[in-house]
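The values are calculated or read from the model by the stated rules, or taken from the named source; none is laboratory data. Please read these numbers as outputs of a predicted model, since none were measured by experiment. Here the Cβ positions follow ideal geometry from the backbone for every residue, glycine too, while neighbour counts run over all protein chains shown. Only protein heavy atoms, including side chains, enter the accessible area calculation; ligands, DNA and RNA are left aside. Shrake-Rupley method; radii C 1.70, N 1.55, O 1.52, S 1.80 Å.
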Amino acid sequence: MPELPEVETIARGLHKRVAADTIESVWLGSKPQTMKSPPTEIASTLEHTSIASVRRMGKHIVFDLERTGSSPTSAKNAKAKRANSARAQWIVHLGMTGRMVVCEPDAEIVKHTHAIAKLGSGRELRFIDPRRFGRLSVHRSGNFEAGGVEPLEIEKDQFVALFRGRKTPIKSALLNQKLLRGVGNIYADESLFRSGLRPRRRASTITAAQYELLHKSVQKVLKEAIRAGGSSVSDYVDADGEEGFFQLRHRVYGREGEPCLVCTTLIKRVVIGGRSSHYCPKCQK
Ligand SMILES: [Zn+2]
């Protein structure tokens, strides 16, 4: 499943390829669960718009759209028009297996293609999703809220305030999307290892100094992953392969029974809130 760094990489790759292009027409498939907004509303919101930018919010890809349409008849009209349509948004959640592909129109339409946007440049932007956990929606007023705080933007004090009073394990708090948005299982485990904190540790027992380190670790791990993912961006967006996802060089995640890279103690796995959690019993307290 794509996590924050992958979604960031995909959004950047899409921005590079389709920003300033226009959406001329839209075809949508008939699978209802993919469409979170009514299909007619998706099509009417996307068609005849210019893509101002593509960016990530949490684990969502957000296309900021501007209406291109016919030229307005009066200044007042133009102003009203801008207010109405300038901030429309197309929100894409990739789910487990969703992919956004920019391709030439004669490229084969592969199975599980759920949406095709024809672009002014002649290319097509396609949404492909075999397992159909991905979601497409539109926000006509452009006020999409992903909930929670961006982990890469949060300041140290705000970070501490978010977690300090909680009695839940810190791992569960890190995964709570209402607090931080977009930190998934892998990056939570890796951040906790780098901070010397066990996943089961109660958030309320963590010291200010440890929170300072955790705040740094979360941002460092995510940025490291984004940096490494940046070079393989074409694998996500252009190609058909699903193997393009960048894998951070994991120190604990998925390494149960293997020696800790710092102290050689065997890495343990526990289940917290239904999620696998990996840690070093010696390095993490
Ligand atoms: Zn260790």
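Excluding ligands, DNA and RNA, the accessible surface per residue across the chain is 48 Å² with a 1.4 Å probe. Positive end of the dipole of the chain (Cβ unit charges, origin at the Cα centre): among LEU46, HIS114, LEU180, the Cα lying farthest that way belongs to LEU180. Please give the calculated 222 nm ellipticity per residue for the chain, where each DSSP H segment of at least 4 residues contributes -39500 (n - 2.57) and the sum is spread over every residue; nearest 500 deg cm²/dmol? Helices in the chain give a 222 nm mean residue ellipticity of -9000 deg cm²/dmol. Under a Gaussian network description of the chain, with springs only between Cα atoms under 10 Å, the residue in ALA208, ALA52, ALA146 that fluctuates furthest is ALA208. Once Rg and the Kirkwood radius are both taken over the C-alpha atoms of the chain, their ratio Rg/Rh works out to 1.04. Which percent of the accessible area of the chain is formed by carbon and sulfur heavy atoms (probe 1.4 angstrom)? On the chain, the fraction of accessible area on carbon and sulfur atoms equals 51 percent.
Rounded to the nearest whole Hz, the Karplus-based 3J(HN,Hα) values (6.51 cos²θ - 1.76 cosθ + 1.60, θ = phi - 60°) of the range 96-106 follow the sequence 8, 10, x, 9, 10, 10, 9, 8, 6, x, 8, with x at glycine and proline.
Checked against a 24 Å cut-off, the cross-linked pairs LYS220/LYS285; LYS118/LYS223; LYS59/LYS171 give Cα-Cα distances beyond that limit for LYS118/LYS223. Note: relative contact order over the chain, using C-alpha pairs below 8 Å and six or more positions apart, is 18 percent.
Dipole size of the chain about its Cα centre, with +1 on Lys/Arg Cβ and -1 on Asp/Glu Cβ: approximately 1480 debye, rounded to the nearest 20. Largest GNM mean-square fluctuation across GLU66, GLU108, GLU41, computed for the chain with C-alpha springs under 10 Å, falls on GLU108.
Which of ILE206, ILE226, ILE91 ends up with the largest GNM mean-square fluctuation for the chain, with Cα atoms connected below 10 Å? Result: ILE206 has the largest fluctuation of those listed. Which residues among the range 117-137 fall inside the zone where the amide N is under 19 Å from a point 7 Å beyond the Cα of THR97, along Cα→Cβ? Only 126-136 fall inside the zone, counting backbone N under 19 Å. The slack between GLU155 and ALA107, meaning 0.36 nm per residue of separation minus the straight C-alpha distance, is 12.8 nm. Between ALA209 and SER121, the contour length at 0.36 nm per residue exceeds the alpha carbon distance by 26.4 nm. Partner lysines whose Cα lies under 23 Å from the Cα of LYS111, excluding those fewer than 8 positions away in the same chain, are identified as LYS31, LYS36.
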